[in-house]
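Reviewing the structure listed below.
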Amino acid sequence: MPTSRLKFLKQGLAYQAEVPVNWCPALGTVLANEEVIDGVSERGHPVIRKPMRQSTLKITAYADRLLQDLDDLDWPESVEEMQRNWIGRSEAELEFCLVDIHGLEIEDKIIGYTTRPDTIVGATYILCVKGSIDSSPNASTMPQDHNAVT
C-alpha cells in the first residue's frame, strides 16, 4: 500500500469499504456514472454493477482545509468554484415535508443539506434510493419511521 494512503488511513481521513461500482470487464476498469449510458460504456462495452473493496477519502473531514487552500491557487475562478462545489461543504439545512400516496402531508420530514439552497426552487421531488434505507433488523423501512432514511 502506498505511503500516502497509509497516512490517510492512520489519520482517519480515509477508510476501506465494499461499494457498488460500474465495472467494465472488456476494459478491465471501473467507470464513473457519467461514462455509463443504459448499461454500456462510452466505447460500447457492457457494464455491470458489482461490489468492490476500495479506499474512500473522507472529504468532509478536511473540507475546511481544502476550501482554505483553494485561495492559494492561481486557477480560474470558474475552476475554483467547481472545486468548492465538489468538496461539497454543506452550508444550508433544508426541511422537506412528506406526503402520503393521496398527496396529504404526513408528520415526518426529511432533512437535506446543500451548498446551493438557491437552486432548490427547481426541485419537484426527492428520491430515496434503496441504499439509503436503514435495513438493520431493528429498523423499519416505512417512510413514517424516523429511522428509515439515513
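The values are calculated or read from the model by the stated rules, or taken from the named source; none is laboratory data. Only a predicted model underlies this, so the values are computations on that prediction, with no experimental measurement involved. Cβ placement follows ideal geometry from the backbone for every residue including glycine, while neighbour counts extend to all protein chains displayed. Areas reflect the complete protein model, heavy atoms only, side chains present, ligands, DNA and RNA absent. Shrake-Rupley method; radii C 1.70, N 1.55, O 1.52, S 1.80 Å.
Quick rundown of the values:
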| item | result |
| --- | --- |
| Pair list, Cβ under 7 Å, 6 or more apart: the stretch 92-109 residue under 18 Å from residue 121 (Cβ atoms), other residue part of a loop (DSSP other than H, G, I, E, B) | 96/126 |
| Matching strands (runs of 3 or more DSSP E) fully within the stretch 1-75 where at least 2 residues are farther than 18 Å from residue 86 by Cα and among the basic types (Lys, Arg) | 48-57 |
| Hits in the stretch 80-95 (condition: open to solvent by 50 Å² or more (accessible area, probe 1.4 Å) and either out of contact with any strand residue (DSSP E or B) (no Cβ under 7 Å at 6 or more places or on another chain) or among the aromatic types (Phe, Trp, Tyr) (or both)) | 81, 82, 83, 84, 85, 86, 89, 91 |
| Residue match in the stretch 55-76 (condition: of a type outside the set (Asp, Glu) and on the phi > 0 side of the Ramachandran plot) | no |
| Neighbours by Cβ (under 7 Å, 6+ apart or cross-chain): first from the stretch 40-64, without any contact (Cβ under 8 Å) to a residue 12 or more places away in the chain and open to solvent by 80 Å² or more (accessible area, probe 1.4 Å); second outside any loop (DSSP other than H, G, I, E, B) and of a type in the set (D, E, K, R) | 42/35 |
| Qualifying residue in the stretch 96-110 (condition: at negative phi, in a loop (DSSP other than H, G, I, E, B), at pLDDT 60 or above and under 20 Å from the mean Cα position of the chain (by Cα)) | no |
| Complete set of residues in the stretch 1-41 that are in contact with a Phe, Trp or Tyr (Cβ under 9 Å, 6 or more places away or on another chain) and β-branched (Val, Ile, Thr) | 29, 30 |
| Residue ID - modelled with the highest pLDDT, chosen from residues in the stretch 1-39 that are touching a strand residue (DSSP E or B) at 6+ places or on another chain (Cβ under 8 Å) and either exposed (fewer than 11 other Cβ atoms within 10 Å of the Cβ) or small (Gly, Ala, Ser) (or both) | 26 |
| Among the residues listed as 118, 71, the single one being over 16 Å from the mean Cα position of the chain (by Cα) and at pLDDT below 85 | 118 |
| Every residue from the stretch 65-79 that is surrounded by 12 or more Cβ atoms within 10 Å (Cβ to Cβ) and among the acidic types (Asp, Glu) | none |
